[in-house]
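Written below as structure tokens is the structure these notes are about.
What follows draws every value from the coordinates through simple rules; no lab data is involved. From a predicted model like this one, the values you see are computed outputs, not experimental measurements. For neighbour counting, all protein chains shown are included, and Cβ atoms are generated from backbone atoms with ideal geometry for every residue, glycine included.
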Amino acid sequence: MPPDDTIMPGILPQAAAGAEKFSAPLPAGAAPEAVRHWFDLETIAELPAPVASFADAADAAAQYRRASRSENTRRAYRAGVARFTDWCAAHGRTALPASPETVAAFLAAEARSNLAVNTLRLRHAAIRYLHLLAGCPPPTAAAMVSTTFAGIRRAHRRPLNKKTALVLDRLLPAIQAIPETLPGLRDRALLLVGFAAALRPSEISRLTFEHVTRHAEGIELFLPWRKNDQDARGTRLWLPQGRTDLCPVAALEAWLAAAAITEGPLFRRIWRLPPRLPRGTRRKSVADRYRIGTNAIDTDSIALIVKNCTGLAGFDAASFAGHSLRRGAISSGVAQGVHIARLKQFSGHASLKSLEEYVELDELRHNHPLKDVL
């Protein structure tokens, strides 16, 4: 792979009219692997340092444009473009600019491999974004592509496989099944905090000690930004002081004390240390059996924790994931008769329509609007 400042044969040194201008050359007509490498670089955003020249300012502007999409979106786009360029290389097709025939055939091939429609929608969006960055007309706008994708959506439509909600009668056994170890203290706190505040896995991952405020009646959490707060006005959440094994405050305090966390991420990875120590040394506490990381736990690990805890309680672990905590909190509120307007404020949903999708069938069964008249 040549250096970033080298113009490869077939790579246009300038974007088309009206395109965003980035620091790397645009790989129009280049080999698919070169297109993938360029796109990876163009979707990694690092906030720029203070600038001293126009060139630095232009580079800073490019970094901010890259940051206009969330890291999760950019990661999904990189995966989609990687898959598309690999497919183009295998079939001898040009990845940039791609013809509508190439994109339509790619989407059809992916659909035939039994990919979910939502995954295909991300691949479709990634190809469009790739061309916009390079200043090329997006082939996704062509009728051939749009009608192919419409046919895929119709032919492969199926109900979303939503994860099971971790409602109260499932949460309690899961909590009680967690062992009394340092990882167990973390997992118990993670589940109860995520449930009590109806948090998304990404929000659990971003919680920090600096955004925890203790009060006599509970704990206040602060989220600098979240999915429906892209302008980063900030959201304040409340963990009430409970009186049962499901108290999130007691669980969080126990974890913070055991892990000696006084700054940084609340929930972190933990490594078990080797069982044997050099002769003459002894472990002073349970915490000495583990090493606690400094970085925040990721969303995949949160999903594994939820699966492990529900599996220990005897439930089908495969039907649960990190989002089960948020779904469980909302569904439990519905079962308790909480008004949907209060639930919307509690969960931070942007609309009632999206909130209603969280109500499970078993909760609807107990609260059917016509149950007293039929």
Taking Cα pairs under 8 Å and at least six residues apart, what relative contact order does the stretch 112-267 come out at, in percent?
19
Length gained if D298 through I44 is fully extended, taking 0.36 nm per residue and subtracting the Cα-Cα distance, is 89.6 nm
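Could you work out the relative contact order of the stretch 31-103? I mean the mean sequence separation of Cα pairs under 8 Å and 6+ apart, divided by the number of residues, in percent. Can you show the working numbers first?
On the way: 47 pairs, mean separation 34.7, N = 73.
With pairs under 8 Å counted, the relative contact order is 48 percent.
For the stretch 32-155, what is the convex hull volume of its Cα atoms per residue in Å³?
In the stretch 32-155, the Cα convex hull volume per residue is 98 Å³.
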Packing-based exposure ordering (other Cβ within 10 Å, fewest first) of D300, D59:
D300, D59
In what sequence, highest mean first, do 246-254, 211-219, 141-149 appear when ranked by Cβ atoms within 10 angstrom?
246-254, 141-149, 211-219
Please report R327, R66 as a ranked list, fewest other C-beta atoms within 10 angstrom at the top and most at the bottom.
R66, R327
Of W225, W87, W271, W255, how do they rank once you tally other Cβ atoms within 10 Å and put the fewest first?
W271, W225, W87, W255
Between A143 and D56, take the C-beta separation as r, use R0 = 45 Å, and let me know the FRET efficiency to the nearest 0.05.
0.55
Set Lys and Arg Cβ to +1 and Asp and Glu Cβ to -1, take the dipole of the stretch 32-155 about its Cα centre, and tell me which of L133, T43, T73 lies farthest positive.
T73
